1. Just one of B:S4, B:S37 is under 22 Å from the mean Cα position of the chain (by Cα) and either farther than 28 Å from B:L237 by Cα or surrounded by fewer than 19 Cβ atoms within 10 Å (Cβ to Cβ) (or both); which is it?
2. Of the residues A:G182, A:G217, which single one is surrounded by fewer than 24 Cβ atoms within 10 Å (Cβ to Cβ), more than 14 Å from every other protein chain (Cβ to nearest Cβ) and in contact (Cβ under 8 Å) with a residue 60 or more places away in the chain?
3. Here are the criteria: (1) under 25 Å from B:D39 (Cβ atoms); (2) of a type in the set (A, V, I, L, M, F, W, C); (3) within 9 Å of chain A (Cβ to nearest Cβ). Tell me which single one B:I314 does not satisfy.
4. Regarding the stretch B:229-237, can at least one residue be identified that is within 30 Å of B:A130 (Cβ to Cβ), out of contact with any Leu (no Cβ under 6 Å at 6 or more places or on another chain), acidic (D, E) and away from chain A (no Cβ under 11 Å)?
5. Which residue out of B:I314, B:I305 is touching a helix residue (DSSP H, G or I) at 6+ places or on another chain (Cβ under 6 Å), β-branched (V, I, T) and touching a residue at least 60 places away in the same chain (Cβ under 8 Å)?
6. Scan the stretch B:286-299 and report the pairs whose first residue is more than 7 Å from chain A (Cβ to nearest Cβ) and whose second residue is part of a loop (DSSP other than H, G, I, E, B) and of a type outside the set (A, V, I, L, M), with Cβ atoms within less than 6 Å and a gap of 6+ or a chain change.
7. Kindly indicate which of A:Y187, A:Y197 is aromatic (F, W, Y), part of a loop (DSSP other than H, G, I, E, B) and surrounded by 15 or more Cβ atoms within 10 Å (Cβ to Cβ).
There are 2 protein chains.
Amino acid sequence: MRISYSDLKVEFKRILRRLSFNEEKAELCATIFADNSLDGIYSHGINRFPAFVQYVKDGLIDVDAEPTLEDRNGLIERWDGHCGPGMYNATLAMDRAIHLAKENGMGAVALRNTTHWMRGGTYGWQAAAAGCIGICFTNTIANMPPWGGTQPRIGNNPLVISIPHEKGHVVLDMAMSQFSYGKLYQYDQANQELPVYGGYDDDGFLTTNATAIIQSGRVLPIGYWKGSALSLVLDMLLTSVTGGLSVQKISEKTKETGISQFFLCLNQSIDNEQLMDEIIRYTKSSELMNPSEQIRYPGESILEIRHRNQSEGIPVNDQAWAELLDM
Amino acid sequence: MRISYSDLKVEFKRILRRLSFNEEKAELCATIFADNSLDGIYSHGINRFPAFVQYVKDGLIDVDAEPTLEDRNGLIERWDGHCGPGMYNATLAMDRAIHLAKENGMGAVALRNTTHWMRGGTYGWQAAAAGCIGICFTNTIANMPPWGGTQPRIGNNPLVISIPHEKGHVVLDMAMSQFSYGKLYQYDQANQELPVYGGYDDDGFLTTNATAIIQSGRVLPIGYWKGSALSLVLDMLLTSVTGGLSVQKISEKTKETGISQFFLCLNQSIDNEQLMDEIIRYTKSSELMNPSEQIRYPGESILEIRHRNQSEGIPVNDQAWAELLDM
């Protein structure tokens, strides 16, 4: 079935209000969950919402917490999220980084002690909408073995970079694992092979079998040793600038909470519309690997899905919708 | 044969002085070429030096050029490198970013119209030595097909992130291609298979055969679609903030010159020595994939090679050394 954006958002907000989210936080978090669904990121929209609610019920997210400015290292502001809703904290942090960038060319917020921001791309779109180049990243619980190891010791630490572009912002939102666990479960349930190697099986062989990777826990970093190193360095950077918890310390808890994030904005001072068009056109001018497919810039397909879901409604699993109405 | 660091540097400097490099530039560039060799990055040390000299002789590098500050976007300074020696421009740019970071918590220099910086890690080590987190990246000539394409339209756009750590700075220096062309030629000459897929052959199959990849030109981005997207976004960011040339515009020239670079520094305000030790120890605590190998942090093996080459001399190909003496 397809549900309209506004109907979906109304339900999210109703449930959040019942969980004691105040009006402002309920509105913001409901909007982000609905936007994620609208953009086709269902894994962080309606499909994630029940898990988020459970986190709140388990007391892992403090709905009343407000982020506080702790100190400043020059233009880098250091905030404490007090384990409030991750989407709320991240939105405020990026908003503050945008504000600082408008004043000083660039601005940064180092946020510690926050919770899962859901879809990182949200904050990339936010920066781009404000005419800023946005860069942000987060650490996570250890969910990937470092290169050379077999047990998870690094996070998939998603990295977001966005470039303002009127015709469609360019928004990269990528985790350091070749596939997220969400994607692996999807392929597992559909009994499909991954398009490229996604990890190792229990015998240490690279495999496209999602079931074998879920079983071994040996998810593959992008670019093997390279993604492993990038994940490690992002965690070190986060721990250094936020004064918050590293992947290790987060992993010592039973559930992922108290994580560290960094938000950097550069104010876009050059009118780059034509430049971006040229770069996109040039990139797309490469002969195609498969004539039935296209070369895309990051964010391009999201815009198409968004427009389709806006006009036709958001595809929602019948059971998920029934459960949402029942919450 | 092994040559001492000082003997190697003396030769580099002698040749640069003969090419009309002034004392300061010759000293700096000779030091960087010697350091790259000392650190085991031979591809950007003695093995690259003759190509650099040829670039100078061909007039693609202006030895007399001095970078100039063009304007400021708040705290982001925009410089023009006037196609001077890339290593000199990059060192001055990172130095300026460090200076700004010490004053304001963070600092950034956007550099356009510069030339190849040789080994990106150089400027990561430079920032870390000054107690700063350093982030820098460059664009290049198109040398990799975008995901979904078969013809090169994106650069391998190396990204460097460094974290200060007294016991050994953590320095990530990675291009967006799974293997550099230098590495591919190495495997090709040794008739060895790559350890993982490095690209596609002419028939569109993923392969570990370096010869087939050199033939097709279809180098693989790290993480397939992910590295392709990251490369594209870095080029857009560079073009936006520097006002300089994109990968496309660089590729319209016959040789790679007039490239764009960005240098960002965050002043390290927290004493993070113990934190970094903990993260490294935790990462290394993963059970090993291969008991005869180790889990390494980026920069770790460089430090070992550096110490060995310092005490035993730098391994140099006999012919390369003879040619250098003859230049």
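1. Values: B:S4 fails: under 22 Å from the mean Cα position of the chain (by Cα).
Answer to the selection: B:S37.
2. Every option except A:G182 fails the conditions.
3. (3)
4. No: the stretch B:229-237 contains no residue that is within 30 Å of B:A130 (Cβ to Cβ), out of contact with any Leu (no Cβ under 6 Å at 6 or more places or on another chain), acidic (D, E) and away from chain A (no Cβ under 11 Å).
5. Numbers: B:I305 fails: touching a helix residue (DSSP H, G or I) at 6+ places or on another chain (Cβ under 6 Å).
After applying the criteria, what remains is B:I314.
6. B:G299/B:H169
7. On the way: A:Y187 fails: part of a loop (DSSP other than H, G, I, E, B).
Residue meeting the stated conditions: A:Y197.
So that you can scan it fast, the table gives a plain yes or no per residue for (1) within 12 Å of chain B (Cβ to nearest Cβ); (2) touching a residue at least 60 places away in the same chain (Cβ under 8 Å); (3) among the β-branched types (V, I, T); (4) in contact with a Gly (Cβ under 7 Å, 6 or more places away or on another chain):
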{"position": "A:N139", "(1), (2), (3), (4)": "yes, yes, no, yes"}
{"position": "A:P158", "(1), (2), (3), (4)": "yes, no, no, yes"}
{"position": "A:H165", "(1), (2), (3), (4)": "yes, yes, no, no"}
{"position": "A:Q186", "(1), (2), (3), (4)": "no, no, no, no"}
{"position": "A:E193", "(1), (2), (3), (4)": "no, no, no, no"}
{"position": "A:Y200", "(1), (2), (3), (4)": "yes, no, no, no"}
{"position": "A:D203", "(1), (2), (3), (4)": "yes, no, no, no"}
{"position": "A:N209", "(1), (2), (3), (4)": "no, no, no, no"}
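Any read-out appearing in this document is the output of simple, stated calculations on the displayed coordinates, not a laboratory observation. The shown structure was predicted, so the numbers you read here are calculated from the model rather than taken from an experiment. In this analysis, Cβ positions are derived from the backbone assuming ideal geometry, glycine residues included, and neighbour counts consider all displayed protein chains.
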